[in-house]
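Heads up, the thing below is written out as C-alpha cells.
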Amino acid sequence: MPERSPSCGERVIAPVPEAARGTPFGPRLHAVATYLKTFQALSYERLQAALSDLFGLTLSQGGLMNLLRRAQGRFDPGRDAAIATLRKAEVVACDEFGVRIEGSNAYH
C-alpha cells in the first residue's frame, strides 16, 4: 500500500529495487529441483520435503512451479537443435513395431 508523505500528504510510490526482482535462488538449486522433479519423478509435495530436508528451504508448491518454469528456458536451445535435427532425419523412431522413413510411417 503506498504511503503518504508526512509533510505534503502526497502518495509516495517507490520503484521495486533491482535486488527484489527475479529469484533469490541460483542455478544450482534450479538444477537440483529440475533433476528431482523430472528424472526422479517427485511430486511437488515430495519435492518440497526433499528441499526442506536437504537445504532447509520452505517453498510453496507455486514457488516450486515458478522455479521450474524459470529453469525450463535453459533447455530451449538444446530442444530447438534436437527438433531441427529430427526434422532433417530420413529415419525417426525405429523400434520393433515401426519406422518412419521420409515422413511416412511403416510397420514390420
Check your understanding: Out of the residues in the range 24-44 that are outside any helix (DSSP H, G or I) and touching a Leu at 6+ places or on another chain (Cβ under 7 Å), which is farthest from GLU3 (Cα to Cα)?
Key -> LEU42
Exercise for review: Filter the range 45-66 down to residues that are buried (at least 16 other Cβ atoms within 10 Å of the Cβ), part of a helix (DSSP H, G or I) and over 13 Å from the mean Cα position of the chain (by Cα), then give me how many there are.
Suggested key: 4
Review point. Cβ-Cβ below 7 Å, separation at least six or inter-chain, first residue in the range 75-90 and touching a residue at least 12 places away in the same chain (Cβ under 8 Å), second surrounded by fewer than 10 Cβ atoms within 10 Å (Cβ to Cβ) and in a loop (DSSP other than H, G, I, E, B): which pairs?
Key: GLU90/GLU102
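Every number here is computed from the coordinates shown, using simple stated rules; none is lab data. These figures come from a predicted structure and were not determined experimentally. Neighbour counts are summed over all protein chains in view; Cβ atoms, including those assigned to glycine, are modelled from backbone coordinates with ideal geometry.
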